[in-house]
Structure formats: structure tokens, C-alpha cells
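The next block holds one structure in the form of C-alpha cells; read it before the comments.
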Amino acid sequence: MACAKNIWLLGGDRRQAELARLLAMDGHQVHTWALEEGLPAEEAGMARQPPDGLAQADCIILPLPAADGTALHSPLSPFHPALRQVFDALVPGQLVLAGKVDPGLRALAQEHGVQLLDYFAREELAVANAVPTAEGAVQIAMEQLPVTLHGAPVLVVGFGRIGQATALRLAALGAQVTVAARRWEALAWAQALGFQGLLLSQLAQEPRPYPLVVNTVPALVLGKEVLPRFPAGCLILDLASKPGGVDRCAAERCGLPVIHALSLPGKVAPVTAAAILQTTIYHMLQELEQSGKEDAT
């Protein structure tokens, strides 16, 4: 960024802590709060109440996801302040950037007259995040499976950004990848890339001898009609956002272990994930500055 800014980062996981360091290295005046375990004590805000300095911030960055219910998502802090407590410390017109903004958070921002933008809605972030998510999925599979991925038949459910990135990396390790999707065009792309393809509706029609199933669809696609088709012990790795795409009770009855792997970029590659966030946030700030200049002319 051409102009140094006063930036506050509130809550979050290791990627938020790494983001604070990257922004400081670029010359911004960086402050943190509710991020104590991710930073040295002298760098982390320890107050239980939101600091007065928040009102002077040029930009406040909330984590991904921004909220745990009505509380700030703050896994690296011993306390989890209410979002309302945070917004009460802001002044109208301030800029807040957050990840996975829900209706409650949006309503809170509107009530306080705060400009709220969702960086998770940005396509460049979603595409870039697919890489550490896919690598994290491969890491979990290699740690948990009793067989090699090389030569193993693997099912990837969904062929969006994460499904594509995951299928490509599994295939690079020698897995025999089949893609299940709802849309014919997704299957056409899967087949063009060398994968087998089948419709989601076909999953319940015959036994599916996969030792590994990776779901990327954020809807209940692996339910009681489909799960009995998988062999006992088949590992189901659910990468979809909450509540996921797997009927956990039905999976347990079928003897199928399920790992719901959320926020993998921040867990397996926090430095890379922070750099992705930094780039996206800079894009957003540049667009806001450009828009302001155009409005002034």
C-alpha cells in the first residue's frame, strides 16, 4: 500500500497473527486484540475490554470466520468478547473487513453505521485458499489411511474450486480419482482432466469401494441412502463449511469415520494463508481508495 494505515486485528487463529506481522513489515501501524497466544506478550493486546484506540483505526480486520455465534472468533485468546461489545467501541463510518459475514454481523454493522465488507466473498481469496485446503486434505488422508494414496480409488464429491484442487493433487500422488457432481458440465470438466465422473444421484445405486471420500459440497449429500454403499472403515474427509455435507449419525452406524476439517489454510499453512489474506485486503483497500477518488472528481 502506498499510504501507511492504522490497522487493528481482532481475534482469529494463527493466520491472523501472521497477517499482523506481514502488515507491520509493510510499514503499517498494527495493533492486535484477543490474539494473545499467537503473538509475543509485548505485541498482543491483553485488555478484556476493547481498547479505546479502536475508534482511531483506519481499518479493523476481523477473523475468518468472524464470529462464533454472537461472539468474536478468538481461539487464541482466553476470553471471547461479544461482537456487540466490539462494535460498541467503533464509530460510525469506520471500515471493518471480516470473513464469512453472517446476517447477524451485517445487521450489527448497519446498526452502528459501520462499513462492513466480507473478504471471504472475494474470488481471488477463494481460489488461492483452495491450494492450502487441498494440501491439508492430502496431509490428513496420508496420516489417517492405512494404505497409500498411490493406486487407491478415491471419491471427490463436488468439483468447484476446492474439489478441483484436491482431485488434481490426489491424482498427482497416483490415486485413481472419481468425481461425483450434480451438474453435467462439472463432470465434463472432470473427465477432460482425466478423472472418472458420476452424478451424485448415482452414488446410492451400487457399492462404492473407496477407502477415502472427500466431500467439498456444503449441503447434505452423503446421507443414509449413500453411506451404506461405502465399505466399513472408509475415511470420509468433509471439507465443507458448517454443518458439512455428511450425516454423521448415519456414518457412525455404518462404521465410517468422519473428519470435518474446517479452516485448513489457517491450520496447515498459516503463513501462506496470511499472505493470501494480505493480498486480498490490499486489493479491497485499493478499490475503495480508487472509488473515493472517482467520487471526488
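If you go through segment 205-216 one residue at a time, do you hit one that is assigned by TED's automatic domain parsing to the domain that holds Ile61 and of a type in the set (Ser, Thr, Tyr)? Write out each step before concluding.
Here is the first cut: in segment 205-216, the ones assigned by TED's automatic domain parsing to the domain that holds Ile61 are none.
No, because not a single residue in segment 205-216 is assigned by TED's automatic domain parsing to the domain that holds Ile61 and of a type in the set (Ser, Thr, Tyr).
Check Ser77 against each of (1) touching a helix residue (DSSP H, G or I) at 6+ places or on another chain (Cβ under 6 Å); (2) part of a helix (DSSP H, G or I); (3) modelled with pLDDT under 95 and name the one condition it does not meet.
(2)
Go through segment 122-153 and give me each residue that's more than 13 Å from the chain's Cα centre (by Cα) and of a type in the set (S, T, N, Q).
Across segment 122-153, the qualifying residues are Gln139, Gln144, Thr148.
Which residue, of Val131, Val154, Val138, Val91, is of a type in the set (A, V, I, L, M), farther than 30 Å from Pro231 by Cα and at pLDDT 95 or above? Spell out how you get there, then give the answer.
On the way: Val131 fails: farther than 30 Å from Pro231 by Cα; Val154 fails: farther than 30 Å from Pro231 by Cα; Val138 fails: farther than 30 Å from Pro231 by Cα.
Sole residue among the options that is of a type in the set (A, V, I, L, M), farther than 30 Å from Pro231 by Cα and at pLDDT 95 or above: Val91.
Within the set of pairs 6+ apart or on separate chains, which have a first residue in segment 48-72 that is loosely packed, with under 14 Cβ neighbours inside 10 Å, a second that is of a type in the set (Phe, Trp, Tyr) and part of a loop (DSSP other than H, G, I, E, B), and C-beta atoms under 9 Å apart?
Every condition considered, the pairs that remain are Arg48/Phe79.
Residues Pro211, Pro257, Pro270, Pro207: which one is under 19 Å from the mean Cα position of the chain (by Cα) and of a type outside the set (Asp, Glu)?
Unique residue meeting the criteria: Pro270.
Would you mind telling me which numbered condition in (1) loosely packed, with under 13 Cβ neighbours inside 10 Å; (2) touching a strand residue (DSSP E or B) at 6+ places or on another chain (Cβ under 7 Å) Pro103 fails?
Going through (1) loosely packed, with under 13 Cβ neighbours inside 10 Å; (2) touching a strand residue (DSSP E or B) at 6+ places or on another chain (Cβ under 7 Å) one by one, Pro103 breaks only (2).
Answer yes or no: is there a residue in segment 122-139 that is more than 18 Å from Arg161 (Cα to Cα) and among the aliphatic types (A, V, I, L, M).
No, segment 122-139 contains no residue that is more than 18 Å from Arg161 (Cα to Cα) and among the aliphatic types (A, V, I, L, M).
Which one of these does Thr280 not meet: (1) at pLDDT below 95; (2) surrounded by 17 or more Cβ atoms within 10 Å (Cβ to Cβ); (3) of a type in the set (Ser, Thr, Tyr)?
(1)
Taking the options Leu235, Leu262, name whichever one is of a type outside the set (Val, Ile, Thr), under 30 Å from Gly11 (Cα atoms) and under 27 Å from the mean Cα position of the chain (by Cα).
Working: Leu235 fails: under 30 Å from Gly11 (Cα atoms).
Result: Leu262 is the single residue among Leu235, Leu262 that is of a type outside the set (Val, Ile, Thr), under 30 Å from Gly11 (Cα atoms) and under 27 Å from the mean Cα position of the chain (by Cα).
Could you say whether any residue in segment 147-161 is out of contact with any strand residue (DSSP E or B) (no Cβ under 9 Å at 6 or more places or on another chain), assigned by TED's automatic domain parsing to the domain that holds Trp189, under 21 Å from Ala219 (Cα atoms) and buried (at least 17 other Cβ atoms within 10 Å of the Cβ)?
yes
Is one or more of the residues making up segment 139-150 in contact (Cβ under 8 Å) with a residue 24 or more places away in the chain, of a type outside the set (Lys, Arg), more than 30 Å from Val177 (Cβ to Cβ) and assigned to a loop (DSSP other than H, G, I, E, B)?
Checked against the condition, which is being in contact (Cβ under 8 Å) with a residue 24 or more places away in the chain, of a type outside the set (Lys, Arg), more than 30 Å from Val177 (Cβ to Cβ) and assigned to a loop (DSSP other than H, G, I, E, B), segment 139-150 yields no hits at all.
Which one is farthest from the chain's Cα centre (by Cα), of the residues in segment 162-181 that are assigned to a loop (DSSP other than H, G, I, E, B) and surrounded by fewer than 21 Cβ atoms within 10 Å (Cβ to Cβ)? Explain how you work it out, then say what you get.
As a first pass, look at segment 162-181 and keep what is assigned to a loop (DSSP other than H, G, I, E, B): 173-175.
So of that shortlist, the ones also surrounded by fewer than 21 Cβ atoms within 10 Å (Cβ to Cβ) come out as 173-174.
Details: Leu173: 24, Gly174: 27 Å.
Among those that are assigned to a loop (DSSP other than H, G, I, E, B) and surrounded by fewer than 21 Cβ atoms within 10 Å (Cβ to Cβ), it is Gly174.
Could you grab me the full set of residues in segment 200-222 that are out of contact with any strand residue (DSSP E or B) (no Cβ under 7 Å at 6 or more places or on another chain) and under 19 Å from Gly163 (Cα atoms)? Outline the logic, then answer.
First, pick out the residues of segment 200-222 that are out of contact with any strand residue (DSSP E or B) (no Cβ under 7 Å at 6 or more places or on another chain): 201-202, 204-207, 218-220.
Of everything in segment 200-222, those that are out of contact with any strand residue (DSSP E or B) (no Cβ under 7 Å at 6 or more places or on another chain) and under 19 Å from Gly163 (Cα atoms) turn out to be Ser201, Gln202, Pro218, Ala219, Leu220.
Which numbered condition in (1) modelled with pLDDT of 95 or more; (2) within 24 Å of Thr279 (Cα to Cα); (3) surrounded by fewer than 23 Cβ atoms within 10 Å (Cβ to Cβ) is the only one that Leu10 fails?
(3)
Report yes if some residue within segment 105-119 is farther than 16 Å from Met284 by Cα and among the basic types (Lys, Arg); otherwise report no.
Yes, some residue in segment 105-119 is farther than 16 Å from Met284 by Cα and among the basic types (Lys, Arg).
So that you can scan it fast, the table gives a plain yes or no per residue for (1) aliphatic (A, V, I, L, M); (2) under 17 Å from Leu145 (Cα atoms); (3) in contact (Cβ under 8 Å) with a residue 60 or more places away in the chain:
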position	(1), (2), (3)
Leu227	yes, no, no
Gly245	no, no, yes
Ala250	yes, no, no
Cys254	no, no, no
Leu262	yes, no, no
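The values are calculated or read from the model by the stated rules, or taken from the named source; none is laboratory data. Keep in mind that this is a model prediction, so the values were computed, not measured. Please note: Cβ atoms are built from the backbone with ideal geometry, for glycine as well, and neighbour counts cover all protein chains shown.
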